[in-house]
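What follows draws every value from the coordinates through simple rules; no lab data is involved. Because the structure is a prediction, the values reported are computed rather than measured. Cβ placement follows ideal geometry from the backbone for every residue including glycine, while neighbour counts extend to all protein chains displayed.
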Amino acid sequence: MRIGVDLGGTKIEAIAIDAAGAELGRRRVPSPAHDYAAMVAAIGGLVEDLERDLGGARASVGVGIPGVTSPATGLVKNANTTCLIGRPFDRDLAARLGRPVRLANDANCFVMSEAADGAAAGARTVFGVILGTGVGGGLVIDGKIVVGANAIAGEWGHNPLPWPSDAERPGRRCYCGQHGCIETFLSGPGLAADFAESTGRSLGAPEIVDAAARGDAAAGAALERYEDRLARALATVINVVDPDVIVLGGGLSNLAQLYEAVPRRWAAYVFSDAVMTRLVQADHGDSSGVRGAAWLWPAER
Ligand SMILES: [Zn+2]
């Protein structure tokens, strides 16, 4: 049995799955967001409660966090749950639970989940993309997360938008310190900012999608720009990694037209006669984080 834990901003959720990925049980508790010791205790209790629910069997434990363990220090970095930063979170959880615990970035857990038994099941090389309030990503090859020397593999959102037009240069300022990052164009707020700049109207990403569906020409044009930018951004991923499958998650992945329009557009940018890479929508939705954390232990213990 595998248990996966996902650390969100407001809740901690845990799931138990069997060897085939079937859900055996699930529990959630509010996140003690600012108290590190309480966070370790809450996860320990959550795992033990779930094991008790399921007859006391001992599970492997993986945890998805909004950050990474720094290969340089062994401590958590880049976490927006800031009480984790600078902590040996994997070792503290292992001590609390009396077993090794694997940690991974939550975007990497998303890709792991889809590669294990989701939309990219059976594919060797899977690049996963989250198109939400930010733009994240991760890479799974042969069933394993590629973490990378700096633990940033897949962080394509802070590369510049490729093949920019003059109108796209230098681009909006990004919180990372650069201008024109992919995230500033392809996140939900990025789409909203692009629409506002071209129309003077202030709509959120879901409203822009709705307006386009009702025949609003300016909203439709904004989505066409979005499709072409996503095609360009993914073409550079294909040129470097050449994945079998690219899986989209996050709010904007619900835009059904992307799965036809983006592959049609990326043909012009990928350095290949034909592009065999498939673009698919994630299967597991909001459960990808917990499921991918559970799959961090690939074999039954
Ligand atoms: Zn950036």
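Couple of notes before you dig in:
- Here the extension length gained between Asp142 and Asp273 equals 44.6 nm, from 0.36 nm per residue of separation less the Cα-Cα distance.
- Note on Ala218 and Asp286: the model spin-label points, each 7 Å out from Cα along the C-beta direction, lie 3.3 nm apart.
- Shape category assigned to segment 1-122 from the gyration tensor of Cα positions, a/c cut at 1.5: oblate
- Prolate/oblate/rounded call for segment 187-295, Cα gyration tensor, a/c under 1.5 rounded: oblate
- Among the trypsin sites (Lys or Arg not before Pro) in segment 1-72, those located in a DSSP loop and surrounded by at most 16 other Cβ atoms within 10 Å of their own Cβ are Arg58.
- If you take all other residues with their beta carbon under 15 Å from the beta carbon of Ile141, and give Lys and Arg +1 and Asp and Glu -1, the sum is -2.
- On Cα atoms only, tilt of 36-53 relative to the major axis of the chain in degrees: 70
- Calculated from backbone phi, Karplus (6.51, -1.76, 1.60) coupling profile of segment 231-244 in Hz, x at Gly/Pro: 4, 5, 5, 6, 4, 5, 5, 5, 5, 9, 9, 6, x, 6
- Going from the fewest other Cβ atoms within 10 Å to the most, the residues Thr82, Thr69, Thr10, Thr125 appear in the order Thr10, Thr82, Thr125, Thr69.
- Stretch in the chain that is longest and holds no chymotrypsin sites (Phe, Trp or Tyr not before Pro) that DSSP places in a loop and that have at most 10 other beta carbons within 10 Å: 1-174
- Extreme residue, positive dipole direction of segment 63-147, given options Pro71, Val126, Ala116 (C-beta unit charges): Pro71
- Within the listed set Asp106, Asp216, Asp244, the Gaussian network model of the chain (springs between alpha-carbon atoms below 10 Å) gives the highest mean-square fluctuation for Asp216.
- Per-residue HN-Hα couplings for segment 161-173 [Karplus 6.51, -1.76, 1.60; θ = phi - 60°; Hz; x = Gly/Pro]: 4, x, 6, x, 7, 4, 5, 8, 9, x, x, 5, 5
- Approximating the spin labels as points 7 Å out from Cα along Cα→Cβ, the Leu75-to-Arg28 distance works out to 3.2 nm.
- Simple Cβ-charge dipole of segment 150-245, Lys/Arg +1 and Asp/Glu -1, about Cα centre, in debye nearest 20: 280
- For Asn105, nonlocal amide neighbours, meaning residues 5 or more places apart or on other chains whose placed amide H falls under 5 Å from its own, are Ile65.
- When the charge dipole of the chain is built from unit charges on Cβ atoms (+1 for Lys and Arg, -1 for Asp and Glu) and taken about the Cα centre, the candidate among Leu255, Gly9, Gly98 whose Cα reaches farthest toward its positive end is Gly98.
- Shape of segment 59-141, Cα gyration tensor, a/c cut at 1.5: oblate
- Between Gly137 and Ile130, Trp156, the built amide H atoms are under 5 Å apart, and every one of these is 5 or more places off in sequence or on another chain.
- Per-residue ³J(HN,Hα) for segment 125-132, Karplus 6.51 cos²θ - 1.76 cosθ + 1.60, θ = phi - 60°, Hz, x for Gly and Pro: 10, 10, 9, x, 10, 10, 10, x
- Cα centroid separation, segment 192-238 to segment 1-40: 35 Å.
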